[in-house]
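To start, the structure under review is shown below, and the notes come after it.
The values are calculated or read from the model by the stated rules, or taken from the named source; none is laboratory data. Keep in mind it's a predicted model, so treat the numbers as computed, not measured. In this analysis, Cβ positions are derived from the backbone assuming ideal geometry, glycine residues included, and neighbour counts consider all displayed protein chains. Protein only, heavy atoms only, side chains kept; ligands, DNA and RNA dropped before computing areas. Shrake-Rupley method; radii C 1.70, N 1.55, O 1.52, S 1.80 Å.
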Amino acid sequence: MNLLSTIALFSSLPLIHAQYGNQAKSSATTAASSTTSTTSAASGIHTVDVGEDGLTFNPDSLTVSPGDKVEFHFYPPDHSVVQASFDNPCQPISSGGFFSGFFQTSQESKTVFTVTVNNTDPIWLYCGVQGHCQAGMVGVINPPSSGDTLDLFKAAAAKAKDSTVPANVFGGVVGTASSENTSSTATGTATATSTGSASKTSASTSTTTNAANTMRTAGDVGALALLGLFSWLMM
Ligand SMILES: [Cu+2]
């Protein structure tokens with residue numbers, strides 16, 4: 001064992017440290033980013049524009065997961081959304097359902113009507129303003145995979161004698177859109193999300209730090225052992 005190889009060995013020790021450190025850091029980054037993507041995928045808010053392009057819901061057919069929210073955004077001059085049954089297109093469904101109330105507005109309304117969908121049952125809906133349902137202002141959330149279709153619902157709506165609405169707003173929440181920061185709902189969601197991911201991230205960081213420390217300690221023990229061996233060889 002000559003002096004040159006000893007120097008080479010010693011000078012490589014910091015490199016070993018650096019490698020262990022970098023490995024630990026990159027695994028921490030991976031853990032943190034996978035946590036973030038899971039969190040953002042779970043948001044589950046769907047937007048339906050009501051009357052933006054004439055007498056339509058846009059989209060007029062959408063599939064959502066249980067627990068997701070559907071936000072109805074209202075456009076001029078006057079629209080609403082009511083849940084119907086497939087068999088009675090322009091009338092409120094006999095049990096359950098929802099009614100947004102009438103949104104009379106000269107621009108996109110500041111408030112939205114948000115419905116939380118609890119299962120995958122079809123939700124047939126129409127606008128309760130006189131004549132709009134008959135004119136085709138209908139839609140469906142979670143259309144069935146076979147049987148009843150939106151086209152059949154629309155055709156039946158065109159023949160409906162009249163349309164009525166429930167006496168009161170119910171079955172959803174009138175509030176600020178989730179895209180606006182001022183809504184208490186949106187603030188609550190954002191806080192919960194960021195707190196959740198932050199605690200997950202710090203958890204994985206501390207785990208990684210421990211692992212890195214362990215590796216460093218192992219490296220230091222190895223270095224000390226080598227030092228001992230060399231000083232014994234040099235004697
Ligand atoms: Cu309408």
What are the residue pairs meeting all of these: first residue in the stretch 55-76, first residue assigned by TED's automatic domain parsing to the domain that holds Ile123 and under 10 Å from Phe113 (Cα atoms), second residue of a type in the set (Asp, Glu) and surrounded by fewer than 19 Cβ atoms within 10 Å (Cβ to Cβ), Cβ atoms under 8 Å, and 6 or more apart or on different chains?
His73/Asp49; His73/Glu52; His73/Glu108; Phe74/Glu108
Among the residues of the stretch 82-94, are any open to solvent by 20 Å² or more (accessible area, probe 1.4 Å), within 16 Å of the ligand (Cβ to nearest atom) and polar (S, T, N, Q)?
yes
Please specify each residue of the stretch 33-68 satisfying the condition of being on the phi < 0 side of the Ramachandran plot, modelled with pLDDT of 95 or more and within 16 Å of the ligand (Cβ to nearest atom).
Val48, Asp49, Val50, Glu52, Leu55, Thr56, Phe57, Asn58, Pro59, Asp60
Taking strands (runs of 3 or more DSSP E) that fall entirely within the stretch 67-160, which contain at least 1 residues that are among the basic types (Lys, Arg)?
69-74
Test for Asn119: is it under 25 Å from the mean Cα position of the chain (by Cα), under 18 Å from Asp148 (Cα atoms) and modelled with pLDDT of 95 or more
yes
